[in-house]
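The values are calculated or read from the model by the stated rules, or taken from the named source; none is laboratory data. Since the model is a prediction, treat every value here as computed from it, not as a measurement. Ideal geometry is used to build each Cβ from the backbone, glycine not excepted, and the neighbour counts take in all protein chains shown. Heavy atoms of the whole protein, side chains included, go into the accessibility calculation; ligands, DNA and RNA do not. Shrake-Rupley method; radii C 1.70, N 1.55, O 1.52, S 1.80 Å.
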Amino acid sequence: SLRGVGACDWEWNRESKEPAGLAVATATNQYYLPVRGSDYIQETNLRPPWTVALSEYRDTQPVLHNARADIGTQFAGNALILCGRAIDDTMVMAYLCGEADLRLKHLTKKYLGRTPVEYPGEIEDIPVAQAARYAASGDARNTWDLRNKLIPELVKRNQLSVYEDIERPLIPVIT
């Protein structure tokens with residue numbers, strides 16, 4: 001279930017934008033829901049369940065890094081229906097903290113002191129177990145932990161209200 005607050009990171013093919021899987025991290029757990037991998041292909045034409053999760057679960061507060069990209073490529077339907085929802089974006093948070101380099105891997109090194117995991121080529125070309133390690137314990141975990149580092153930074157810079165009242169509500173509109 002995607003209920004509560006959790007960092008979400010959609011993995012998709014860079015060319016086709018077809019989903020490869022979804023990584024989710026919460027305060028205590030990480031999950032990876034595969035769609036494609038070198039050793040796995042979901043045999044269904046149904047929309048993956050997470051593409052409707054944001055509109056159906058009213059008590060879900062997702063945290064993403066570059067929400068515009070993830071929602072813009074993987075959300076089913078018009079992102080404007082998400083207006084009024086609390087969707088955190090660590091890229092926007094980092095921008096308000098004065099960061100010039102907004103890439104997740106750079107911010108992970110700087111704020112979390114971690115060297116992010118890399119993978120060659122498309123994520124769907126590697127086995128699901130390797131994709132899960134990369135996506136869930138990598139990007140989703142780092143996004144979650146980065147959010148928790150950036151909120152105090154926003155407070156320190158007197159930017160939290162700018163983020164909460166101006167920037168965060170614009171995320172669905174920008175998407």
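For beta carbons closer than 6 Å, sequence separation of 6+ or different chains, a first residue in the range 113-135 that is over 15 Å from P19 (Cβ atoms) and a second that is open to solvent by 90 Å² or more (accessible area, probe 1.4 Å) and not in a helix (DSSP H, G or I), the qualifying pairs are P127/D39. Among helices (runs of 4 or more DSSP H) entirely within the range 83-175, having at least 1 residues that are aromatic (F, W, Y) singles out 90-96, 128-134, 141-156. Among the residues of this structure, R68 counts as one that is open to solvent by 50 Å² or more (accessible area, probe 1.4 Å) and either modelled with pLDDT of 65 or more or among the small types (G, A, S) (or both). Quick one: in the range 71-82, of everything that is part of a helix (DSSP H, G or I) and open to solvent by 60 Å² or more (accessible area, probe 1.4 Å), which residue is modelled with the highest pLDDT? Top of the filtered list is L80.
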